[in-house]
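Before any comments, here is the structure.
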Amino acid sequence: MSKQKDRRRAAPFAGLRENEKAPVDMTAIRKAITEDSPQGDLTSKYTVPPKAIATATLYAKGDLVVAGLDYFKAVCEQVDPALDVSVIAAEGANANKGDILARVSGKARAILLAERVALNYAIRACSVATLTAKYVRAVEGTRARILDTRKTTPGLRDLEKYAVRVGGGLSHRRNLSAMVLIKENHIAIAGGIGDAVFMAQEGEEDEGYVEVEVKNLKELSEAIEAYADIALLDNMSPKMIKEAVKLAKGQIWLEASGNMTLQKAKQAAQTGVDFISVGALTHSAPAVDISLLVETDMDRRQQP
């Protein structure tokens, strides 16, 4: 028999911490800058005087949730530590078309060299946060919380999961080392749900969590009997999810998953499920529109 744990403890999914900052990865930023300008900015070399000074403004060109502007700032300062970057919009704020998000002043060549990489990071983070906020609004009034997945852009996982939290969602496990999640291939190799959960429970420390994927009510019963902490309801219809909630009777956390559109997430939330995981938050977030525009009164003179 598997270990019995306190089923009243909280599930292991994290939301945004108070005063949490974006997890800026300077190694990745330096690599991205080198990728974009391995021998410098050829166009600016011929069209922008070396000592020209400029101010550029970062604008929202559509409605969005602000996230990841620390990355924008870090890219600019990596290109030229003398650049003066002012982040104006707060993380998690709702920005409307025309709102100013940040300003950067200094050598024009440096601003133009940093522009694309800085924008790429900001756009990605804002896009994920904006889509997450839509899913969070879709399940308002229910107990369900929106979760991300590991379906992230390689190298950007920490930024994207942070952006999910900024948008009001929760982060599922960060990686394969963070928590046991038994899926269909593990079950097939282990010989069944009960055996798989038993082996995981025996191997995990007392406070470790074990989640198992189930496809029907019979498998859910097996997960409950094996004393799993969380059952991942894989591609179940709203009707079946509702039956799963009734069957579980609060004995196990329930996470609905599988091609969750906004409408499907809303329907799943109305069944009383605890969590809804949405891969689209990080693998299919539509890009928001943000622009960095140089003010037209820039000083093109050769400044000392």
Between the stretch 8-64 and the stretch 133-164, what is the separation of their alpha carbon centroids in Å?
21
Check ILE290: other-chain or 5+ apart residues with amide H under 5 Å from its amide H, H built from backbone geometry?
LYS61
Identify, among VAL136, ALA122, ILE111, the residue whose Cα sits farthest towards the positive end of the charge dipole of the stretch 85-139, taking +1 on the Cβ of Lys and Arg and -1 on the Cβ of Asp and Glu, with the dipole about the Cα centre.
ILE111
From the backbone phi of the stretch 95-100, what are the Karplus-calculated ³J(HN,Hα) couplings (6.51 cos²θ - 1.76 cosθ + 1.60, θ = phi - 60°) in whole Hz, Gly and Pro given as x?
9, 10, 3, x, 5, 8
Identified option (computed Rg/Rh (Cα atoms, Kirkwood Rh); candidates (1) 0.96; (2) 1.47; (3) 1.10)
(3)
When the charge dipole of the chain is computed with +1 at the Cβ of Lys and Arg and -1 at the Cβ of Asp and Glu, the Cα pointing farthest to the positive end, of ILE276, SER44, ASN96, is that of ASN96
To make sure I understand the rule: partners must be lysines, Cα under 25 Å from the Cα of LYS31, and not fewer than 8 residues away in the same chain. Which ones qualify?
LYS21, LYS45, LYS73, LYS107, LYS151, LYS161
Relative contact order, percent, the chain [alpha-carbon distance under 8 Å, six or more residues apart]
25
Helix by helix through the chain, keep the DSSP H runs that span 30 Å or more along the axis on Cα and average at least -1.0 on Kyte-Doolittle, and give those back in order.
108-138
Per Stokes-Einstein, at 37 °C and 0.692 mPa s, what whole-number D in µm² s⁻¹ belongs to the stretch 222-301, with the Kirkwood radius over Cα pairs as the hydrodynamic radius?
215
Enumerate the aspartates and glutamates that LYS61 could reach by cross-link, defined here as Cα to Cα under 14 Å, with residues fewer than 8 away along the same chain left out.
ASP99, ASP289
Rounded to 5, the percent of DSSP beta bridges in the chain classed as antiparallel
50
About its Cα centre, the stretch 135-283 carries a charge dipole, from +1 on Lys and Arg Cβ atoms and -1 on Asp and Glu Cβ atoms, whose size in debye to the nearest 20 is 940
Put +1 on the Cβ of every Lys and Arg and -1 on every Asp and Glu Cβ in the chain; which of GLY62, ASN259, SER237 then has its Cα farthest towards the positive end of the dipole?
GLY62
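Can you compute the charge dipole magnitude of the stretch 90-150 about its Cα centre, using +1 on each Lys and Arg Cβ and -1 on each Asp and Glu Cβ, nothing else charged? Give it in debye, rounded to the nearest 20. Mind showing how you got there, number by number?
On the way: 11 positive and 5 negative charges, 28 e Å.
Dipole of the stretch 90-150, to the nearest 20 debye: 140 debye.
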Anisotropy class of the stretch 135-283 from Cα gyration tensor, a/c 1.5 cut
oblate
Comparing ARG137, ARG17, ARG124 in a Gaussian network model of the chain (Cα, 10 Å), the one with the largest mean-square fluctuation is ARG17
Taking the Cα centre as origin and putting +1 on Lys and Arg beta-carbons and -1 on Asp and Glu beta-carbons, what dipole magnitude results for the stretch 195-304, to the nearest 20 debye?
880
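Here, each number is a calculation from the coordinates, and none is a lab measurement. Bear in mind that the values here come from a model prediction, so they are computed numbers and not experimental data. Here Cβ is always computed from backbone atoms with ideal geometry, including for glycine, and neighbour counts include all displayed protein chains.
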